[in-house]
Structures are given as structure tokens and as C-alpha cells.
Amino acid sequence: MRFIISVLTSLLLLTASFNAGAVYSCGGVNDTCTCGAYNPYPCCDNGGNCTWYAWHSACCHWGMALPGWGNANTWAQYAAANPNYEVLSSPVVGAIAARTLGTYGHVAFVVGVSGASITVEEENCCTSCAAGVRTWTYDASYFDAGFIIPVGGVTPPPCSIEIAGQPVIIDDQSDCFERHGTYWWDEATGNDNHAFYTFATDDSLPDSWASWRLNVTVAGNYEITALVPPSANDLTQNAVYTVSHQGSETNVTVNQSTSVSQWVSLGQFWLEEGTAQFVKLNDNTGEAYALRRVLMFDALGVAPVTECTDECDTPDEIVCDGENGFKTCGEFDGDSCLEWSAVNFCGTGEICTGGVCHLDEGSCEDECTQEGIFCATATATHRCGEFDEDSCLEYGEFTECDPGEVCQFRACRSATDAGTDGNSDGEIDSDGSTDTGADSTGCSCKSAGARRRTPWTAFLPVVVLLTFLVMWFKKRKKHHD
């Protein structure tokens, strides 16, 4: 009798689990993905079922309709026996985690792996369980049966927006945009007057995140931009967009608070053909939840970058441009090709030869006209000569006179012995010799206090007068005699 009651009780529980709503919808999630079949699992009375949601996740992310594998505790067993699937002992993103322990076991879709912990999206079927999808973190060992994936790995099915060499916009309301986690709100703003947002946190793992799937049908170099719509909330200052491309990931940080209503470039990336690449944005920005800053999730732009051709061959090569300009070979405009930089100009008096700026010897002017030492100031001298790389004369550095000396006649002299005129007596010539004091005209100029020698010709009129008087006196004396 007890056996019959136990069987009847089990049948009632099983019937109850299947009597909870249409197969099309469970926990607020609609079975809208296309994989060639309808979801065969029921939705429990509480508004959730782990098998319904795991089957739905495989349909959406693998593009495959799973067979009916019964309760969750038998999924890994059936998957291992099916040639289209394999069961891994270690978790990977996109796998279905399977547990045999418990009355019916448990299955969940893996959306994150961090060391020994995994993050899953799941629904649950029990009277005390909350309805709908929840994001939860487990120790990976909780799922003792392993992790189910398609043979060859997880390859997401294509979404409706194709990246085929033409600019496209992936909107947050398209099937190429996926939200994960629990905490989401809408705002009438941005592209098509709609955007999602969630609050930033400083948690070690994300609570909510979203990804824009890239369905690339024509491989190429594309620029990816993200629209930051205006919001009534304070925006994050540290949104980290993760761009998956060519088998690697690149993180790009954007201050959304200073980028409102802008299409912010995340960079240029080579996108391979396929559906495995994406752009993801997590809510764990490192900003405390108490700050009440939000991350905005709106449209993503993907536009091809025009194919380029190298303008030069060797990075950092420098060539002359005109007589006094030069330019450098490098990558300056964000594409993958080499081009010449803007023209830079040499310094004053320089010309460019062989990619190098140097002084133009033919364009200089003499600063002084005669080599030698000259007075620079009342107490310093400087030499006129050729001291740099050109062929022109210029003054050298100042040489200060000794204390008690002044510069006069192109040399430092004792202040008490220095002359008062400005002529060239005692000047130091370019050969270092002392000037004699005679100028080129034969004149000899002496100081005002020096004695002068009178030439004999100055006395000739007196001699003539005296001779005349002597002769006159002799003639007159003769007449008297």
C-alpha cells in the first residue's frame, strides 16, 4: 500500500511540473530562437524549469535542438552516448553544466568561468523557488556530471544583422543583442528611443551584463563604435567594453559621463567570418553601487574601414620634403597601412639633405667684418672669427677684463694708463701684433700735451725779412758816408 501511495505521489508531482504553462514561454522567457524544433520541456507552476531553460539556451546559442534527455540528472549520460555532443570535465563558456545529485538533478547554461567558480543562467522548478531566470555563481565541482558542448565546440547561430562589408547598426532591441543577469531597466532615449541600463558595482564578478553578437559574413577591417545615450541618471565613468576579435579580446574603457550623445570609437578590428565574435559590457566597473551610477546599453555601430595601401616602406624612415622640410614614415591615421607624416620644417638657417637638417653654409651673413679682438663692452672683449659650422664670421664669447682694467683700443688696459682718444694706437691685430700708431696716410697724431718739432720752412719768412733789413741798413749807411 505504501508503495502504491509513493508511486501516486510521484505521478502527481510529475503532473504538476508539467501543468504550469505553455511550452512556448517560461519564467518570462519566450522560445523565439530558431533551431528546427520546439522546446519539449514544461514550465513548472512556480514559473521556471531548469531543463526548459537549458534546452532554450542551447537552441539560441548553439542553433541546435537537443533531443529529449529526460530529467536533468540523465542529461550528461545521454549526451555522452550521442555522437553530436561531448561532455567535458572542465567548464567553458557556452556549455550546459549538469548535476546528477538531488531528486531530479540540475542543468544550467554557463556564461562565465573564473578559476574554480562558474557563473550560470538558470531556472528552477520547486514550490519555494523564485520564478524566471536568475544568474548564479557556483563552485564548478557542484556540477558533478560535467559540461555538455556540441562536438567541435560552441558556435553561436547567426543573428539577423549581417556584417557584410557595409555599415550596420546593432540595436539593443535586435536579436543580435543579448542581456544576462537580473537587474535591468528601460529608458526612452537613444537610438530608436530605447536603451537598457543597469547599475554599476564594484563586485568581483558581474551581476548583469550584455553582449552585441557580431554575425560576420564578409571578413575585413571594421571600426566599432558604441552610442552613449543621454540619461536621467548619473552615468558610469569606467565602462569597459570587451571586443572579441580574431580569437582574442581587447578591453576598451569609456567614460560614459563625458560621452553623452556620442558614438564613441572602440577601435578598428579585423573581424573573421563567423558568429563567435562579440562586444560585451559588464556591470562590475569598480564603482561602488552607493554612487548610483548606471551603464547605458544602446546601439553598436560597425563600419568597414576602406582598404589602404602603404605610402612608404620602412617605419621611421625620414625623407626631405622641399628644401627645408622633412617627413617621417609611420602609421598615423588608425588604419593598418604606412603613410607619410605631415611635413616638419628645419630650424632657421637650416636645409634638409638626405633626411637630415643642417646649417645652410651658403645662406649665412657675417656678424663682423674683420677677424681680430674688439671691445665688446667697456670692460670686456670678444673676438671676431669663424666659430660655428658655416663659413661666415661671428663674434665669440665675451672675455671680461681683469679688475681695474677697461677695454680700449681693442684691448684690456689699466684704467690709469688708458688713452683718451679712440684711435688705433696699441690695438691688437688679428695676428696678435701691436699697432705702431701710424695710419695709412702717413700722418702721425699725438696727444695734445706732447711737444711738437717745428719744420725749418716755418722760419723762411723771418730769414727773408732779416736779410732785407740788413741790406737796407747797409745801403742807407753808404749814402750817409
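Since every read-out is calculated from the coordinates, none of them should be taken as a lab result. Remember, it's a predicted structure, so these values are computed and weren't measured experimentally. Glycine gets a Cβ as well: all are built from the backbone with ideal geometry, and neighbour counts include every protein chain shown.
Entry note: the stretch 318-363 has Rg to Rh equal to 1.11, where both radii use alpha-carbon atoms and Rh is the Kirkwood radius. The convex hull built on the alpha-carbon positions of the stretch 263-324 has an orientation-averaged projected area of 9.5 nm². Residues in the stretch 85-101 carry Karplus couplings, in order, of 9, 9, 10, 8, 8, 10, x, 9, 5, x, 8, 9, 7, 10, 10, 9, 5 Hz; the curve used is 6.51 cos²θ - 1.76 cosθ + 1.60 with θ = phi - 60°, and Gly or Pro positions show x. Sorting Asp313, Asp175 by the number of Cβ atoms found within 10 Å of their own Cβ, with the fewest placed first, yields Asp313, Asp175. For the stretch 261-391, the convex hull drawn through the C-alpha positions has a volume of 287 cubic angstrom per residue. Each of Ser336, Ser211, Ser117 has some number of other Cβ atoms within 10 Å of its Cβ, and from fewest to most they run Ser336, Ser117, Ser211. For Thr189, the residues 5 or more places off, or on other chains, whose built amide H falls under 5 Å of its own are His194, Ala195. What the phi angles of the stretch 387-393 give under the Karplus curve with 6.51, -1.76 and 1.60, with θ = phi - 60°, is a coupling list of 10, 10, 7, 8, 9, 9, 7 Hz, glycine and proline written as x.
Placing dummy labels 7 Å off each Cα toward the beta-carbon, the span from Ser89 to Asn238 is 3.9 nm.
Taking other Cβ atoms within 10 Å as a rough exposure proxy, Leu295, Leu469, Leu227 sort from fewest to most as Leu469, Leu227, Leu295.
Dimensions of the stretch 162-304 from C-alpha coordinates, computed as largest minus smallest value along each principal axis and given longest first, are 44, 31, 26 Å.
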